[in-house]
Amino acid sequence: MSTETETNVRVEDKLFQNRYLVDAGRPHITVTPHTVPSPRLLALTHVCPAGCYTQADSGQVEISTDGCVECGTCRVVAEPYGEITWNYPRGGFGVLFKFG
Amino acid sequence: MADEKFDAIVVGAGPSGNACAYTLATRGLKVLQLERGEYPGSKNVQGAILYADALEKIIPDFREDAPLERHIIEQRLWMMDDKSYCGAHYRSEDFNEDKPNRYTIIRAPFDKWFSRRVSEAGALILCETTVTELVRDAHDKVIGVRTDRDGAAIYADIVVLAEGVSGLVGARAGLRSIPKPDTVALAVKEMHFLPRETIEARFNLQGDEGVVIESAGTITKGMAGTGFLYTNKECISIGIGCLISDFTNSDQTPYGLLEAFKQHPSVKPLLAGSEVKEYAAHMIPEGGYKAIPQLFGNGWLIVGDAGQFVNAIHREGSNLAMTTGRIAAETILDLKTRNAPMTANNLAAYKTRLDESFVMKDLKKYKNLPNAFHNKHLFTTYPQLISKAAQTWFRVDGVDKKAKENEILKSFFRTRRVKGLLGDVLGMARGWR
Ligand SMILES: Cc1cc2nc3c(=O)[nH]c(=O)nc-3n(C[C@H](O)[C@H](O)[C@H](O)COP(=O)(O)OP(=O)(O)OC[C@H]3O[C@@H](n4cnc5c(N)ncnc54)[C@H](O)[C@@H]3O)c2cc1C
Ligand code: SF4
């Protein structure tokens, strides 16, 4: 049934289809250092459509921007609170949609 | 380029920026267009339905070489619960006309084509260049931009911000704020490839005819949102989107929602055997009329999604983007011809022209509707009730029709009560007016 597929879906498998030009060593989004994550930061671990945000064993929320599709959702949720810094990748870098 | 001065700089090469740059360049203005993607379209995501009228007003002969997929002859609207849909379908041979009104398109090739036309019209287009900030003079008038290329300023009489919903430049310059989570939706989308004969057989199509499906219901798990499925020549675009505030308050993932939508018994057979070639996501501004920011000032104008120009009810966006881009260009051209400076006072004509167009009239008509849609019953209770009603009605089981009618009415009142039902109906009606 649908619920089974839903829980089993791996976003990595979806991102695998996409083309990226990764700007190695220059992440365009960073999470502000924190000890206890806010509910907003925690929400990003399920809201980000590319699964870029994860919660580390220590409890903090971390980001890996490699699969980022540059939708801007995390910016809308957390940037006004200073919980992340958000930029576009440098011109030309990042996701390259073939179809869009 | 540093000491070169342009008549206009357009930030972004989506439909709004392209419409603006094209209109300016064909009338002889010196235009610079900056796009952060490797090629126009490489950062853009859309359903996508192209509304011919808006483009025709800019490039009347676009049908001759634009990469169009299928012209739409059938529109389906589905109200879905977990196992069923109750739908309205409209199909007409009239849509097989000489100059069809709506087409499906794929954004990357379409944006590339539009951009080629802009460049042929004489504009200078620089890709792989992100605009980082606006440059102002001592009187706070915008006089140019800086980019991430070498940080040098590039000057122009006017800067048009066509940077889309998540644009940084206007927000950083304090011209508008970052959209609020309850005024933007997040949509995720996949491209499913199938042989064209398979698509034509599954959707009952011939040649370049196309079908589009818009759907709402329990597929969004109580969140305000919709799903869509559009037929292209050799692939199907499928996606689903919900308000970001609803996503954050739930425990749903966007890709989980898309997966469940694809597994719905009414959708699954339409996609069977397909090969997925891309997964994308993008925001859609859905705040409507009340979310529109200040649109003009000394030396600047805002067009397209950056100005919240999306009619979420009718799923129109790119046509509003192209229309606002064109109207911005016409305003600029008019001032240029009269040798009038690009001041806020003079550029106010842009807003006046917009107010007279369908863009503002339509958005104004629905200005209260976004609130009415923040009613979770629309996405849970009603689809279930409607499905149950349809099933009671269509199942032939020895129960008389009068009893069936009573049963259906009772199920509505039992679930939502009179007050709830009236409230929902009035809320929608008020928003619609
Ligand atoms: C899933 C989905 C389905 C949709 N379906 C439909 C539909 O069927 N029909 C319809 O009419 N509309 C639809 N829309 C809405 C439509 O896509 C938008 O309204 C339209 O694309 C807006 O055009 P735009 O030019 O304003 O912005 P965009 O298309 O977002 O273009 C902005 C451009 O600016 C560039 N840019 C941004 N910042 C910078 C910078 N700092 N420097 C340089 N370049 C920059 C971007 O790379 C991009 O190319 C849909 C949207 C989505 C997400
Ligand atoms: S921009 Fe979108 S895809 Fe990228 S990290 Fe933020 S939410 Fe995820």
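A short reminder: the numbers here are calculations on the coordinates, not readings from a lab. Model, not experiment: these values are computed from the prediction. Positions of Cβ are backbone-derived with ideal geometry, glycine not excepted, and every protein chain shown enters the neighbour counts.
A straight chain from B:Ser357 to B:Asp98 at 0.36 nm per residue would run longer than the Cα-Cα distance by 90.6 nm.
Against chain B, whose longest principal axis comes from its Cα atoms, helix B:15-26 is set at around 40 degrees. Which lysines does B:Lys401 reach when only Cα atoms under 26 Å apart count, and residues fewer than 8 places away in its own chain are ignored? Correct list for B:Lys401: B:Lys83, B:Lys388, B:Lys410.
Can you give the FRET efficiency to the nearest 0.05 for A:His28 and A:Gln60, using r as the Cβ-Cβ distance and R₀ = 35 Å? Here the calculated transfer efficiency is 0.95. Principal-axis analysis of the Cα atoms of chain B puts helix B:254-263 at an angle of about 40° to the longest axis. For the pair B:Lys112 and B:Glu56, a Förster radius of 22 Å applied to the C-beta separation gives a FRET efficiency near 0.65, rounded to the nearest 0.05. Here's the picture: charge each Lys and Arg Cβ at +1 and each Asp and Glu Cβ at -1 in the protein assembly as shown, and of A:Gln55, B:Cys86, B:Phe296 the one pushed furthest to the positive end of that dipole is B:Cys86. In terms of its C-alpha gyration tensor, segment A:4-96 comes out oblate, because a/c is 1.5 or above while a/b does not outweigh b/c. In order along segment B:103-111, the phi-based Karplus estimate (6.51 cos²θ - 1.76 cosθ + 1.60, θ = phi - 60°) of 3J(HN,Hα) comes to 9, 8, 9, 10, 4, 4, x, 5, 5 Hz; Gly and Pro are listed as x. Each residue of segment B:137-147 is assigned a 3J(HN,Hα), and the resulting list reads 8, 4, 9, 6, 7, 6, 10, x, 9, 10, 10 Hz, derived from the Karplus form 6.51 cos²θ - 1.76 cosθ + 1.60 (θ = phi - 60°), x at Gly and Pro.
In this label model, B:Lys268 and B:His139 are separated by 6.8 nm, measuring between points 7 Å along each Cα→Cβ vector. From helices alone, chain B scores -11000 deg cm²/dmol at 222 nm; the rule is -39500 (n - 2.57) for each run of n ≥ 4 DSSP H residues, then divide by the residue total. Candidate cross-link partners of B:Lys99 among the aspartates and glutamates, defined by an alpha-carbon separation under 15 Å and a same-chain spacing of 8 or more, comprise B:Asp53, B:Glu56, B:Asp61, B:Glu64, B:Asp65, B:Glu69, B:Asp208, B:Glu209.
Rounded to the nearest 10 degrees, the inclination of helix B:344-356 to the longest alpha-carbon principal axis of chain B is 30 degrees.
Available extension along the chain between B:Arg430 and B:Val418 is 2.5 nm, counting 0.36 nm per residue and deducting the alpha carbon span. As a calculated quantity, the FRET efficiency between B:Glu405 and B:Tyr90 at R0 = 41 Å, using C-beta atoms, amounts to about 0.95. Residue pairs exceeding 21 angstrom between C-alpha atoms, taken from B:Lys141/B:Lys336; B:Lys57/B:Lys141; B:Lys43/B:Lys361; B:Lys376/B:Lys419; B:Lys290/B:Lys351; A:Lys98/B:Lys189: B:Lys57/B:Lys141; B:Lys43/B:Lys361.
Using a simple spin-label model with pseudo-atoms 7 Å out from Cα toward Cβ, A:Phe16 and B:Ala344 lie 5.4 nm apart. Taking B:Val276, B:Val211, B:Val303 in turn, the Gaussian network model of chain B (Cα-Cα springs below 10 Å) assigns the largest fluctuation to B:Val276.
In straight-distance terms, cross-link reach from B:Lys221 covers every one of the aspartates and glutamates whose alpha-carbon lies under 14 Å from its own, apart from those fewer than eight places away in the same chain; here that gives A:Glu6, B:Asp81, B:Asp82, B:Asp246, B:Asp251, B:Glu259.
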